[in-house]
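Please treat every number below as a calculation from the coordinates, not as lab data. Quick caveat: nothing in here was measured; it's all calculated off a predicted structure. We place every Cβ from the backbone using ideal geometry, glycine too, and count neighbours over all the protein chains shown.
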Amino acid sequence: MLEASPPHAGGPSTHTRRGLVTGAIGSGLAVAAARVAPASPARRASAPDPCEPSVPGLRTGDVAITRSGGTIWTIETFAGTITAHRRRGLTRGRSIDVGTAPVALAIRPDGRQAAVATVAPGRDGVTLVDLRSGDADHADAGPAPVALVFSPSGRRVHVAGREGTLTTIDPRDGETIRAIDLGGEARDIALTPDGRRALVVLPAAGALAVVDLARGRVVRRVALPGLPGRVAMSADGRHALVTDSGFEARHVTPIDLVRLRARTPVRTGADPAGVAFAARGALAAVVHSGDGSIAVVDARAGRRRRRVRRDGAPRHVATAGMVAVVADGDTGLLRTFDLRTGRT
């Protein structure tokens, strides 16, 4: 697998295809980024302890890892940037200006491109970023995009919109291929391993929509308890987990994707915020912004394996192999977490 080029200091060149990254909004965010970003990447003098966090950044809006696992990308929401970090040592590298407020991030399977959902009055869309050159282009993807994912082939990006649409775009030119009415507000999205179906969380409806992407319609709604928030799917496509984001929530719900039914909720920590499966098997990491803890849930068995109490406000998580990278939503600090041992 190819991977994004190693992080390095210095600003990339940025151009627009449909008039995205210039203008008052982009300029203002770029100035804000310049004021708060460190003058140079911070590095440790000695070998890093895997339990130590990375240097602080800005408020983090999402985290993703290249398939090879070597590079971590994070969103810095208020700076309007995405930032690369080396997984080894969690050292911070270059940042790329995406021109407006980013809220969600996906990396193409070959690691060469990122898709970033961005929101701003009258300028909602998706920024398509070449991770080697730093060039960024804007694409329309329906109103209020909140989550997005690349297809397994990397030839499509599926974007869930808060106003109830699932829009598919071509990441090569940003053209819209199809828009599907979900029948309710969307919050998060995951794809089956074959790329034929999407799972979209509909919080107001209290359901998980199963979307047939070839036919362009919702084929099933799976009722969920509480206020569903985030969804993740196992690599074999047989299991999913959906977090409960309701007031004082402490559960995640396993989904049997073979029978398309919700199973008994699993008690975890306070305010489940992010969820991600290991590369193999049915183990998933769940992070909790309410108490700072990290839980490992076995979706096949429908039970919690362990829970590690930490601090801060972990809201985002991504995995490479059996290791999870956890991002604190308030400080941008990154930590690693081993799903097998529970060590951070």
Once Lys and Arg are counted +1 and Asp and Glu -1 for all other residues with Cβ under 14 Å from that of A262, the total becomes +3
Determine the relative contact order of the range 137-236: mean sequence separation of Cα pairs under 8 Å and six or more apart, normalised by residue count, in whole percent.
20 percent
Residues whose built amide H sits under 5 Å from the amide H of G329, excluding neighbours closer than 5 in sequence, are A313, R315, H316
How much length is gained if the chain between A214 and R280 is pulled fully straight, taking 0.36 nm per residue apart and subtracting their Cα-Cα distance, in nm to one decimal?
21.1 nm
Hey, got a sec? Which trypsin sites (Lys or Arg not before Pro) in the range 140-236 land in a DSSP loop and have at most 14 other Cβ atoms within 10 Å?
R155, R172, R215
Could you go through the range 224-235 in sequence order and give the Karplus-derived ³J(HN,Hα) for each residue, using 6.51 cos²θ - 1.76 cosθ + 1.60 with θ = phi - 60°, rounded to whole Hz, and x for Gly and Pro?
10, x, x, 10, x, x, 10, 9, 9, 10, 5, 5
Residue-wise, which Karplus ³J(HN,Hα) couplings in Hz belong to the range 176-191, taking 6.51 cos²θ - 1.76 cosθ + 1.60, θ = phi - 60°, and x for glycine or proline?
6, 9, 6, 10, 10, 7, 8, x, x, 4, 9, 10, 7, 8, 9, 10
³J(HN,Hα) computed for each position of the range 66-75 - Karplus, 6.51 cos²θ - 1.76 cosθ + 1.60, integer Hz, glycine/proline x
4, 4, 5, x, x, 10, 10, 10, 10, 9
